[in-house]
1. As an exercise, take the mean of 1/r over every pair of distinct alpha carbons in segment 2-44, invert it, and state the Kirkwood radius in angstroms.
2. First check a/c for segment 58-103, with a ≥ b ≥ c the square roots of the eigenvalues of its C-alpha gyration tensor; if it is under 1.5, answer rounded, and if not, answer prolate when a/b is larger than b/c or oblate otherwise.
3. Per DSSP H run of n ≥ 4, the term is -39500 (n - 2.57); total these for the chain, divide by its residue number, and report the mean residue ellipticity at 222 nm rounded to 500 deg cm²/dmol.
4. Please identify, among 23, 71, 83, the residue showing maximal mean-square fluctuation in a Gaussian network model of the chain using a 10 angstrom Cα cutoff.
5. Please build a GNM for the chain, connecting alpha carbons under 10 Å apart, and tell me which residue among 86, 67, 78 fluctuates the most.
6. Sorting 91, 84 on the 10 Å Cβ count, fewest up front, what's the list?
7. Between residue 54 and residue 8, what length comes free when the chain is fully extended (0.36 nm per residue of separation minus the Cα-Cα distance, one decimal in nm)?
8. With angles folded into 0 to 90 degrees, how steeply does helix 2-15 sit against the dominant principal axis of the chain? Use alpha carbons for both and round to 10.
């Protein structure tokens with residue numbers, strides 16, 4: 001039964017070489033792009049996982065909606081949040097704010 005399927009596939013590939021080449025190339029590009037997307041997502045989700053209590057680490061972001069409809073996310077938060085966040089949320093044990101310096 002398997003031999004019959006294999007011979008049918010080979011006959012089809014030989015008979016329609018152009019279409020088969022396009023289909024195989026599309027399959028290869030699709031698999032390669034899927035693997036790259038999965039590797040990228042795995043890399044992005046792997047940050048801070050070496051800590052003992054990694055499930056308790058959070059990153060605050062801020063988003064800004066421009067009038068043109070463009071939405072931009074910032075990894076920076078206002079200075080006032082550093083003082084107000086522990087008061088508003090007693091669950092916050094420690095807070096760290098990083099500053100980016102440009103030269």
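1. Values: mean 1/r = 0.0813 Å⁻¹.
Hydrodynamic radius (Kirkwood, Cα pairs) of segment 2-44 is 12.3 Å.
2. On the way: a/c = 2.79, a/b = 1.55, b/c = 1.80.
Oblate, since a/c reaches 1.5 and b/c is not below a/b.
3. Details: 3 runs with 52 residues, N = 103.
Calculated at 222 nm, the ellipticity per residue is -17000 deg cm²/dmol.
4. Taking springs between Cα atoms under 10 Å, the residue moving most is 71.
5. Sorting by GNM fluctuation, first place goes to 67.
6. Working: 91 6, 84 11.
Lowest count first: 91, 84.
7. Working: separation 46, 0.36 × 46 = 16.56 nm, distance 5.36 nm.
Using 0.36 nm per residue and subtracting the Cα-Cα distance, I get 11.2 nm.
8. On a 0 to 90 degree scale, this one is about 90.
We did not get these values from a lab; they are worked out from the coordinates using the rules stated. Not measured: the values here are computed from a predicted model. Cβ sites come from the backbone with ideal geometry, for glycine too, and all protein chains shown count toward neighbours.
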